[in-house]
1. Restricting to the stretch 385-411, count the residues that are of a type in the set (Val, Ile, Thr) and either in a helix (DSSP H, G or I) or on the phi > 0 side of the Ramachandran plot (or both).
2. Please specify each residue of the stretch 395-410 satisfying the condition of being of a type outside the set (A, V, I, L, M) and crowded, with 21+ Cβ neighbours inside 10 Å.
3. Out of ALA412, ALA457, ALA424, I need the residue that is touching an Asp or Glu at 6+ places or on another chain (Cβ under 7 Å) and either assigned by TED's automatic domain parsing to the domain that holds GLN382 or in contact (Cβ under 8 Å) with a residue 12 or more places away in the chain (or both). Which one?
4. Among the candidates SER106, SER126, SER133, single out the residue that is within 25 Å of ARG70 (Cβ to Cβ), surrounded by fewer than 18 Cβ atoms within 10 Å (Cβ to Cβ), modelled with pLDDT of 85 or more and hydroxyl-bearing (Ser, Thr, Tyr).
5. If we keep just the residues of the stretch 18-69 that are among the aliphatic types (A, V, I, L, M), assigned to a helix (DSSP H, G or I) and surrounded by fewer than 20 Cβ atoms within 10 Å (Cβ to Cβ), which is modelled with the highest pLDDT?
6. For the stretch 204-216, enumerate the residues that are at pLDDT below 80 and closer than 12 Å to PHE297 by Cα.
7. Exactly one condition in (1) under 27 Å from ASP509 (Cα atoms); (2) in contact with a Gly (Cβ under 8 Å, 6 or more places away or on another chain) is false for ALA424; which is it?
Amino acid sequence: MHGVLDVLPSNTDRIDAFHELLSTLAKALDLREVFQRLSVVAARIVPHDEANLALLSEDGEHFRLFASTRDGEPELFCIGGHCALQNPSVPRIFHEGFGTGRGLQSGLRVPVRVDNQLIGVFALLSRRADAYSQNELILAQRIADYVAIALSHQSLAEAARQAAIDRDRAANLESSVELLRAIADVLDVRSVFPRISEIANKVLPHDRLTMSFIDRDGGIVMEAASTADFPDLNRLRLAHAPAMDKNDGFKIIADLREHSLDVIEPADIQERLIAAGYRSLLIVHTVARAQRLGLQFWSKRPDAFGQDDVPVARRIADHVALAVSHEQLAEAARQVAEVRARAERLEARMKTLTEEINLRSSHGRVVGESRQWKEVLKRTAQVAATETTVLLTGESGTGKEVVARLIHLGSARKDGPFVALNCAALPEQLLESELFGYERGAFTGAHHSKPGQIELAAGGVLFLDEVTEMSPSAQGKFLRVLQEREFQRLGGTRLLKTNVRVVAATNRDLRKAVDRGDFREDLYYRLQVFDIQIPPLRDRSDDILLLSEAFLQEIAQSLGRPPVGLTRDAKDALLRHQWPGNVRELRNALERAAILSEGGQITARHLALQTEQSSAPGTTDLSVVERHMIEQVMRETAWNKSKAAKRLGLTRTQLYVRLRRYDLERKPAAW
């Protein structure tokens, strides 16, 4: 691999290399046979001097080198401690702690996952210092994903080969036809185990037949018995873990009175067996798919079994193992079919809900193909049909109300009302009167009784946006609604029952609000039964152009014009922008641009987006991120609140609430 790092690959070469990589992996039955070729092709994508693939051991405690471009015996690596595989599920660029003796100075490492389970790590190493950046880390992760597919195919091929061996073994068995008939159509061997013992007795006399499996702890789990002796004997603990290769997979005890069983629990098992009349034992081991299976032949005669009985016993065990394998395969097939059916139902439900809200709702369309957005739709479809309280979290303008309406349309309450209330848009007293309603004379100006939003949402869904802005008093009263399903109007004495499903939303970290004492902990747990995180638009870059196309069609209808298109520079500007106001800001920007373009194509100049933006502080605290974005937009608009609200996709009232919250009502003196 010397000299590979001297030439940086072009995008075209990388695309060709990815195609060649897929072709190479598709033809391989064993990844190790093509790993050198894989490294050569991968070097056109991410230059390197050494490539390594380490897989997780069965105990999950170590990694073992599976394939490498360097020579040598497989090494065993630790997960914890000071080594290159610390926190293996996190992609990492590193500069020390590996291969210094081989002249390697930098490297990167990415996880390899199959079905979202970590199975190994893929590492690329370089003799150059600081050879890698975040871009190479992303490309390496894609290569690792291809490697994961190849490993999955290799596992399936091995399973198919093993299944073929099992089929050949079944086809070549020449005897015990009656035994085969007894277990041929049985999906639970235990149900016919006495019959198996009866047939086996004709070729290998015994008084009791038992079947066991070895569990992960090395214990013996008794699965079936031909007699009702010892009904409480379910598990044995051995003094030493059984070895499959010892004595060629079998063991004979000529006389239980003279030879001890290797069993330490139950401690009295040998005495109980002798008291029941059993004297000798023959054990044979085999494998039913991935499980170690044991068949025990018990006799009440001493020296009942000899070496000549082992082939017969093993043939019987093979028949039983084959039946158990069929049973396991049938159960696995049933589970796979069930999972597939659930996934298909969930996908169909997601599609139906999306189409329904697009047809029926004027409050936003469900558009997006990104992985993050599909995960939101998946969780929405999972919870919609239930009565569970849902908490939606995410930045302002991400589409929380759209998701709330999606939940409403997918529930049994879809024919009931959907009532939305923004807790930040109303002062404390007005919020309580709007939420709970009031009786005549409850306060000055209350000349008539008025039902609150809770009553108006009866039989439907109540959507509370920015729920963290509730006053402590309102929080306490609303907690009673969730706990007891009852409340009182302001100024009232009657307890009113409610039948409403609650979907709450916030753009703040609710857990931190609890820690600060701003939000009740008991209400927090009542709301966060099922939470859905709505990703910001900057994390859904794949959806930006799809959303833009949908919005431009809507805007064209409202303006009475044909839909307009986007020039290439406009698309680039949309994709570069960070979208602090998220989807709402995107729609506002497009509407403004559509008006300015006067029916022509929209250019970057019409969008008037800031292409250079300082990044927010490195934090996951939504309130910190929100404050930074609001302050930035206020500076860019010269503290013009109307322009800032429009740029952020907020109403003026919502912007005023946030300016007060973050002490940004006045421009800084030095500004």
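1. Residues that pass the stated criteria total 3.
2. GLU395, SER396, GLY397, THR398, GLY399, LYS400, ARG405, HIS408, GLY410
3. Going through ALA412, ALA457, ALA424 in turn, the sole match is ALA424.
4. After ruling out the rest, the residue left standing is SER133.
5. Within the stretch 18-69, the match that is modelled with the highest pLDDT is VAL40.
6. Correct list: empty.
7. Status for ALA424: all satisfied but (2).
Okay, residues lined up against (1) in the same structural domain as GLN382 (by TED's automatic domain parsing); (2) free of Cβ contacts under 8 Å to residues at least 40 places away in the same chain; (3) out of contact with any Gly (no Cβ under 8 Å at 6 or more places or on another chain):
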position: LEU490; (1), (2), (3): yes, no, no
position: VAL502; (1), (2), (3): yes, no, yes
position: LEU547; (1), (2), (3): no, no, no
position: ALA573; (1), (2), (3): no, yes, yes
position: ASN582; (1), (2), (3): no, no, no
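The values are calculated or read from the model by the stated rules, or taken from the named source; none is laboratory data. Small disclaimer: the values here were computed from a predicted structure and weren't measured. All Cβ positions, glycine included, derive from the backbone under ideal geometry; neighbour counts span all protein chains shown.
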